[in-house]
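The values are calculated or read from the model by the stated rules, or taken from the named source; none is laboratory data. Worth saying up front: this structure is predicted, and the values here are computed from it rather than measured. Note that we place each Cβ from the backbone using ideal geometry, even for glycine, and neighbour counts take in every protein chain shown. Only protein heavy atoms, including side chains, enter the accessible area calculation; ligands, DNA and RNA are left aside. Shrake-Rupley method; radii C 1.70, N 1.55, O 1.52, S 1.80 Å.
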Amino acid sequence: MEQNSHNFSEKAALEKLRRQQTQALVHRYYTYLKLEKSFSANTVEAYMRDLEKLLDFLQDKDLRPQDATPQDLEGFSACLY
């Protein structure tokens, strides 16, 4: 029984770390769009909405963004229309 709770704790900690890493990447992308690309606020918001949709899609497939394949991205693109 203790082994199962230990595995659950490790899994929960790993998932939390993955969420934090993804949030950090999203923040870096937001900063890049806003500061380096000098996109308007509306454009940045649109990009961020699309990114959130992509992250939700990947999460539903139990994929981390860095593990997405071109086929995964094609599947996401097909869902948009």
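Just a few scattered comments:
- Cross-link partners of residue 53 among aspartates and glutamates, defined as those whose alpha carbon lies under 18 angstrom from its own and excluding same-chain residues fewer than eight positions apart: 45, 62, 67, 72, 74.
- All lysines inside 20 Å of residue 11 as judged from Cα atoms, apart from same-chain residues fewer than 8 positions distant: 61
- Axis of helix 70-79 versus longest Cα principal axis of the chain: the two differ by about 70°, to the nearest ten degrees.
- Accessible area in the full protein assembly, largest first, 1.4 Å probe, for 76, 8: 8, 76
- Heavy-atom accessible surface of the stretch 9-81: percent carbon and sulfur, 1.4 Å: 52 percent
- Over the chain - Rg/Rh using Cα atoms and the Kirkwood inverse-distance radius: 1.10
- Maximal additional length on extending the residue 67-residue 12 stretch stands at 17.9 nm, based on 0.36 nm per residue less the C-alpha distance.
- Between 25, 35, 55, the GNM of the chain built on Cα springs shorter than 10 angstrom shows 35 fluctuating the most.
- Simple point charges give the picture: +1 on the Cβ of Lys and Arg, -1 on the Cβ of Asp and Glu, and for the stretch 2-81 a dipole about the Cα centre of about 320 debye.
- Cα-based helix-to-principal-axis angle, 2-31 vs the chain, degrees rounded to 10: 10 degrees
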